[in-house]
């Protein structure tokens, strides 16, 4: 599968040029060298050798879907090794997720230490896995992974990306709610704000930032994805507040776009930024972007390699008589895939949905979409279409309409 200026799918062009086209930034050609330099001169933070002791127990919270994760992690270890930190004192902790099991991120660590650095995935269903941290300013009792609570130093590695719940997803979101209990994670699935812009205040984002402060997190690494899988556009190292602020400016520059008016047909691709298989979250975000651009009653053409099974939320969509019928059930039950299920249902209710994917055709039909079997079918569908927008990796994009 390849995507480019001609929006290709498995090597086949998808028809005539679009009236509007958007693709994200090219990968940085020297991002690994820039990363090494950034560790020597972090933003608003001293070098790690001045903030970490050799005997410290260190937890590195790795968010999911970070492009270049293994390379970034290798650079972090290089800095820790210079300080004299033992690999047995380092734990890589990844947040809970319902969608897939991530690959081992330790592949680029030196062979001599690879097995000594612990890699764990947080299990919120195990009662003993979380402990009480503190109460937030609003009085909410915050529970987090005991592994993080017992560490001397905790710092996250994550992407900065547009998020339907948080507005901006920063590395702090890997800590909370990702390392919390099932009740907290379930509540986070039901807090979308489609009427807000990313920069608008979000109560949940404020809580995420507060929890990282309560835990004493000061340092982090944030990656801006590029249009190339598993290749960052930029990487920032330093204080959590400073790198989040700097990355937000770049994210808007790279991944925010505006179209003059809504269009009749929108073609969107949904791919993971880390080179792994696309997830329902990727697809849901791409459809949410398409819905922001397409005319009501127009056409959305979704291109994705998704082959994942239906989660409970998508099963509710599948069982509904109409796309809008599943909304009350999704709100009431708040399934783990509530956000992408809601995004799919809203897109299918707003426009005619066509899907070229790895999903079975009958399953696609049950989800109120017309299945497409090949790029040739997409070409025929788009033939003669003059009011067309193509959005590459739409799951990373925030799109607005200038006329509104």
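The values are calculated or read from the model by the stated rules, or taken from the named source; none is laboratory data. Model, not experiment: these values are computed from the prediction. For neighbour counting, all protein chains shown are included, and Cβ atoms are generated from backbone atoms with ideal geometry for every residue, glycine included.
Worth pointing out:
- Hey, residue 173 in a helix (DSSP H, G or I), touching a strand residue (DSSP E or B) at 6+ places or on another chain (Cβ under 8 Å), within 16 Å of residue 396 (Cβ to Cβ) and in the same structural domain as residue 77 (by TED's automatic domain parsing) or not: yes
- Qualifying residue in the stretch 101-117 (condition: in the same structural domain as residue 234 (by TED's automatic domain parsing), without any contact (Cβ under 8 Å) to a residue 24 or more places away in the chain, more than 28 Å from residue 225 (Cβ to Cβ) and not in a loop (DSSP other than H, G, I, E, B)): yes
- Considering residues of the stretch 354-393 that are farther than 28 Å from residue 321 by Cα and within 24 Å of the chain's Cα centre (by Cα) only, the residue surrounded by the most Cβ atoms within 10 Å (Cβ to Cβ): 391
- Subset of the stretch 300-344 that is out of contact with any helix residue (DSSP H, G or I) (no Cβ under 9 Å at 6 or more places or on another chain) and farther than 21 Å from residue 391 by Cβ - its residue that is surrounded by the fewest Cβ atoms within 10 Å (Cβ to Cβ): 321
- Residue match in the stretch 131-142 (condition: surrounded by 15 or more Cβ atoms within 10 Å (Cβ to Cβ), closer than 26 Å to residue 74 by Cα and modelled with pLDDT of 95 or more): no
- Helices (runs of 4 or more DSSP H) (entirely within the stretch 289-364) containing at least 2 residues that are at pLDDT below 95, at positive phi and not assigned by TED's automatic domain parsing to the domain that holds residue 391: none
- Any hit, the stretch 20-41, residues being over 30 Å from residue 266 (Cα atoms), crowded, with 18+ Cβ neighbours inside 10 Å and at pLDDT 95 or above: no
- Among the residues listed as 153, 61, the single one being crowded, with 22+ Cβ neighbours inside 10 Å, within 30 Å of residue 37 (Cβ to Cβ) and either at pLDDT 95 or above or not assigned by TED's automatic domain parsing to the domain that holds residue 177 (or both): 61
- Only listed residue being over 14 Å from the mean Cα position of the chain (by Cα) and either within 29 Å of residue 346 (Cα to Cα) or modelled with pLDDT of 95 or more (or both), chosen from 206, 218: 206
- The lone exception for residue 98 - which of (1) over 20 Å from the mean Cα position of the chain (by Cα); (2) modelled with pLDDT under 95; (3) farther than 16 Å from residue 155 by Cβ it fails: (1)
- Selection count, the stretch 122-162, where residues are more than 24 Å from the chain's Cα centre (by Cα), assigned to a loop (DSSP other than H, G, I, E, B) and closer than 27 Å to residue 51 by Cβ: 5
- Among the conditions (1) surrounded by fewer than 19 Cβ atoms within 10 Å (Cβ to Cβ); (2) at positive phi, the only one that residue 241 does not satisfy is (2).
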